[in-house]
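Okay, structure first, notes after.
The values are calculated or read from the model by the stated rules, or taken from the named source; none is laboratory data. Given the structure is predicted, the values throughout are model-derived calculations rather than measurements. Cβ sites come from the backbone with ideal geometry, for glycine too, and all protein chains shown count toward neighbours. Remember, those area values only see protein heavy atoms, side chains included, never the ligands or the DNA or RNA. Shrake-Rupley method; radii C 1.70, N 1.55, O 1.52, S 1.80 Å.
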Amino acid sequence: MIRSEFVIRDNKVLAFSVEGHSGLAEAGSDVLCASVSAMAMLVINTLSEVFSAELDLEIDDAKPVIRCTLKNVSPEAKTGAEGVLYGFYLQMKDLAEVYPKNLSIRTKK
């Protein structure tokens, strides 16, 4: 199971983590794992490269785990960065509804 957690305060996603394997297929052939990993990396790259946000990151393929916390972003880029994180949260919620045995989502404040 892929376990994901989103830190949400005042309707803003401030951090996320995803860890584990979905178990739909073998590692390397699992479309759900690939989808979640690709989305997480898209979010990280967009935050860091497009919005020049400072991030606290942990990426460990061996565990597997991806953790990302938005530490600092300019006032001009803040709304866009928050939108990207919230969009990721919404997409993960949608995937969890389709794959409830393979993907879980938790939120915390």
Residues of the range 95-109 that turn out to be modelled with pLDDT of 95 or more and open to solvent by 80 Å² or more (accessible area, probe 1.4 Å), as a count: 6
Residue, farthest from HIS21 (Cα to Cα), within the range 54-94, restricted to residues that are β-branched (Val, Ile, Thr) and surrounded by 15 or more Cβ atoms within 10 Å (Cβ to Cβ): VAL73
All positions within the range 34-53 that are open to solvent by less than 80 Å² (accessible area, probe 1.4 Å), of a type in the set (A, V, I, L, M, F, W, C) and within 12 Å of the chain's Cα centre (by Cα): VAL36, ALA38, MET39, ALA40, MET41, VAL43, ILE44, LEU47
